[in-house]
Structure formats: structure tokens, C-alpha cells
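The structure appears right after this line, and notes come after that.
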Amino acid sequence: MNDVSSHSRSATAPVMQPAHALLRQMHRGECSSSEILQDQLARIEASNGTLNAVVVLDAERARQRAEDSDAARRRGEMWGPLHGLPITVKESFDVAGLPTTWGYPQLKDNVATSHAVAVQRLVDAGAIVFGKTNVPVALADWQTFNPLYGTTNNPWDLTRGPGGSSGGAAAALAAGFTSLELGSDIGASIRNPAHYCGVYGHKPTWGVIPMQGHELPGAVCIDTVDIGVAGPMARSARDLRLMLDVLTAPVRAFAPQGWMDAGWRDQGKPVESLRIAVIADDPLARVDHAIVERFHELANFLRTRVATVDEDRRPVDSAEARVVYLHLVRAATGAFMDDAAYDAARIAAVPLAPDDMSYRACHYRGNTLTHRDWFHYDQRRAALKRQWQAFFSDFDLVICPVATTTAFTHNQQGQRWERMLNVNGTPQESTDSMFWAGYPGVVGLPATAVPIGRDRQGLPFGAQIVAPAFADPLALRFAEWLEREWYAFQAPDLPAP
């Protein structure tokens, strides 16, 4: 079934158009930066009270910047590929003059004096940052709520979360509050909210986008944080590529084969020659039947359009990938715990049996790994990298789930592993979805989250397109093709401003 033309009525609103279309219209003189910004601010005024996606507004400075961009355009001046485009960014990125709190009330007065490097690159390309979007505390949840800014709701169903940790970002995009978003991802924090809100997001190859300015006060080594990346979010796959080009240029990235120019990239392999592995489910993280069925439909569609589709092959052992990822991701996040939280985690880890590989056990054990033990898991990760590399000698892309279900109802009680989801009639820990986060994440592979359907309740869901390291453009180009040929962004129905 080709769903590329299936959109709700609200998708026709000017602010619901993709960023590249708005940029083209500004270039042609069909609209101005000031008009786009005003439309977005009006939409925020109409609907943000119920969504709570944009939590920091910088409207007056943005209005002046939009007027300046319009005047510059009339003079024939161009600031860059994003000239005059109003955008928002995830609250955890520094924006000069605005607070960066990561949801901690005690950081409400932590006002940035300069832009994060990634934000600066967007500004240098002509973008106008007019606000920041909500996050969970410490960016550590697949829901978005904190004691400082409150709870963000999913624009498809206000009783459900938008995902996390870039949950405010995904909700703002789906609602038409912003043209583009800058997110971050260590545990699917770009991919997960894109999946729950029906938008696009790209987790790039580890290391290709600088992370300076995305850290809590006192942290000076954020670029060395394992697994975590920054990346673009949008309502269009083409917009992801547009934004990624800005965020990664100029950049040089380290790979096992040496220093590589970020011109790597896609060799222009035609879609009809692609070899694609489709993975719809896994015993370690069972996926809702509606999503699994849609993956089979996608595989059947691709069989008529690409060289190879295989639904049986797997790149790595699932249990090994899960255990290595959970220990390493919790080691990375645990490195920034305060002394009291670290001591509590250490006490919780002491009685754990060595063979206990529950999420809870991996969480506390990972938080408190010695360097010797971390190195042991890093060696196991190196073996996984080699297995993925060998797999990509037979396949060009892997398509797999982002999460086990569509967006779930708000559940803010207890630890994350204590919050249960109903998956095909069986209780499942919400943290089981972390398996899909780590599948490409632990080895630093690029993954593009794309919407592929809606369930029987009308809730959107997506897939992630995984490519070899540094082959981000291949995943993005395929995502664009899929957007044109099979399924595109659909907008939720929201009150008109």
C-alpha cells in the first residue's frame, strides 16, 4: 500500500510544510521569515498550553532577527542555506542568553553565555533560534517531564507522552511549532520521540557532530562521552539531509581506518540495487503486532523495488548486543552522577548476581563499572563492530523497529523498569525497548528514524534505517526515497490558531 499521499487536513497549514519548502518560498519572495515566525508563534499560543512542548521562548530577539534576515534578502544578501528559517532546539543545548537546565530546578539560573557548537553552526547558516523544547530530567527517560517545566504531551493523544529525551522537540515538530529541531541521542533520544510523534530524526555516526555546549555545568569532556550524539529532527527526510550538511561541515571524523574526510559519504548507489535486511521483531524485545505487520508490508513493497530483501538474517547476537549496550550506556550516563547518586547505585550493585542481566542489574552495574570492567565490555563491543562490518559486506541497509509499541500513556511513578507496557497482551518492562536503541547505537552506527504507519488507535510509529559507519547519506537518501514512494509525514489534528 502506497501511503505517500495520506495526510490529515492540518498538514496543509503553511507552517506544516517541510523546511526546504519554506526556504524555497522565501527565496522566491512568496513569504518572509517574519511571516513564518509569526505563524509559528501563533500556533504555539494556540496549542502549546496543552502540549507544553516549547518551554523557553525568545520571541522578541527572534522577531528582530527575522526582520534583519528579510532586509538582508531584499538587499540580495544570503546568510547561508538556512537563511531566515525559524527553528527551536532541545533545551539541553546552550543558546546564548537562555537557560540550560536539563530539567533540574537548581539550574534555572544557568544562563548560557555562548551557543553550543552545533547551535552556532545552525545560526551561522542563517537559522533563527526562537525557543527551546522540553526534556526529562538529565535527559534520562522515554517520557518528557521534569519539576521545572512540567510534562509534555503527545500531539496525537494528550494522555500519552511524546517520547524522550527529545520529546519536546518531536512534539513541536509534529504540531507545526517549528521548522527544524536539534536533538541528541544516546538511548534513542532522537529516534524514540520521532517514532512516537510520527516525525523524522537522524542519529548520525558517532563523533561527526561536535557536542561542546551540550553538557551540564562543570563538564568539559562532552565530546568523549560514549555513544551520545547530536542530530537533526524534521517533518521531512530531505530536511534531515539539509540540516546534517550544516551540522557536519566542516568536520573530520575518526574511524579505525584513520582520519576520514566527511566527504565519505554516499557513493550514489541506486535504490534498485540496494540489498536490505528487514528485522521486524526479536524475542528480547517483542514488538506490537501492528508494527510487525507493517514491517512485513514494507518488506513486500521493497521486494518489488530493490535488489534484495531478507527478513531472516541478523547482524549480531541479540543477547550479546543488549548486554554490552546496557552496560556501556549506563557507564556513560553514570559518569555524570553526583556522589550521592553514585553511592546509591554502587550499594544497589553489590548484591547483584553475576548472571543477572535484567535491565535493573545492567543499569546499576553499568553505572558503577571499574575501568577494567568497562574495557572488558568495550572489547566485546569491538567484536560486535566487526560482525556488523561483515554483515554490511552482504547488505547495504538494515531496517528495524525503534521501540516495541506506539506512544504509551503517561506513567511517571517508580523506576523506568517498573513501568509496564502491554505488548500483544503480555506485560513488558518499558525498558525492553532499549534493546532497539542499542542495536545500532552501541557500535556508533548511523540510524534514520522514519514514520511508516499508524496503529488501530491512529497513533503513529516508525522504523530506523541503519547504515554502515559514515554512510549516513545512504540512509538519508533511502529515507527520502521511501518518503516519496511509500509513506510520508502525517500531521495530527490540532486547534487552528
Next on the checklist: Taking the criterion of being exposed (fewer than 15 other Cβ atoms within 10 Å of the Cβ) and of a type in the set (K, R), would at least one residue in the range 351-371 satisfy it?
Outcome noted: no
Next on the checklist: If a residue must be hydroxyl-bearing (S, T, Y), closer than 30 Å to P217 by Cβ and at pLDDT 95 or above, how many such residues does the range 284-336 contain?
Outcome noted: 1
Checklist entry - Tally time: how many residues in the range 30-45 are in contact (Cβ under 8 Å) with a residue 24 or more places away in the chain and either of a type in the set (V, I, T) or more than 16 Å from I128 (Cα to Cα) (or both)? => result 5
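I'm checking my understanding of the structure. Among residues of the range 456-477 that are more than 19 Å from E297 (Cβ to Cβ) and in contact with a His (Cβ under 8 Å, 6 or more places away or on another chain), which one is surrounded by the most Cβ atoms within 10 Å (Cβ to Cβ)? Can you show your working first?
Of all residues in the range 456-477, those more than 19 Å from E297 (Cβ to Cβ) come to 466-477.
If we keep only those that are in contact with a His (Cβ under 8 Å, 6 or more places away or on another chain) as well, we get 472, 475-476.
Working: D472: 28, A475: 32, L476: 28.
The qualifying residue surrounded by the most Cβ atoms within 10 Å (Cβ to Cβ) is A475.
Out of curiosity, is R346 part of a helix (DSSP H, G or I) and in contact with a Ser or Thr (Cβ under 6 Å, 6 or more places away or on another chain)?
Numbers: part of a helix (DSSP H, G or I): yes; in contact with a Ser or Thr (Cβ under 6 Å, 6 or more places away or on another chain): yes.
For R346, the condition - part of a helix (DSSP H, G or I) and in contact with a Ser or Thr (Cβ under 6 Å, 6 or more places away or on another chain) - is met.
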Checklist entry - Among the strands (runs of 3 or more DSSP E) confined wholly to the range 383-448, which include 2 or more residues that are closer than 30 Å to S273 by Cα? => result 397-401
Checklist entry - From the residues in the range 287-312 that are in contact with a helix residue (DSSP H, G or I) (Cβ under 9 Å, 6 or more places away or on another chain) and assigned to a loop (DSSP other than H, G, I, E, B), which one is surrounded by the most Cβ atoms within 10 Å (Cβ to Cβ)? => result V287
Checklist outcome for this item: Of G213, G163, the only residue that is in the same structural domain as A471 (by TED's automatic domain parsing), closer than 24 Å to G453 by Cα and not in a strand (DSSP E or B) is G163
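Which one of D109, D94, D70 is farther than 24 Å from M233 by Cα and in a loop (DSSP other than H, G, I, E, B)? Can you show your working first?
Values: D94 fails: farther than 24 Å from M233 by Cα; D70 fails: in a loop (DSSP other than H, G, I, E, B).
Step by step, each of D109, D94, D70 is checked, and only D109 is farther than 24 Å from M233 by Cα and in a loop (DSSP other than H, G, I, E, B).
So in the range 243-283, with the set limited to residues that are basic (K, R) and out of contact with any helix residue (DSSP H, G or I) (no Cβ under 8 Å at 6 or more places or on another chain), which one is modelled with the highest pLDDT? Give the derivation first.
In the first step, residues of the range 243-283 are kept if they are basic (K, R); the result is 252, 265, 269, 275.
Restricting the remaining residues to those that are out of contact with any helix residue (DSSP H, G or I) (no Cβ under 8 Å at 6 or more places or on another chain) gives 252, 275.
Values: R252: 54, R275: 98.
The selected residue is R275.
The values are calculated or read from the model by the stated rules, or taken from the named source; none is laboratory data. Quick caveat, the model's predicted, so the values are computed rather than measured. For neighbour counting, all protein chains shown are included, and Cβ atoms are generated from backbone atoms with ideal geometry for every residue, glycine included.
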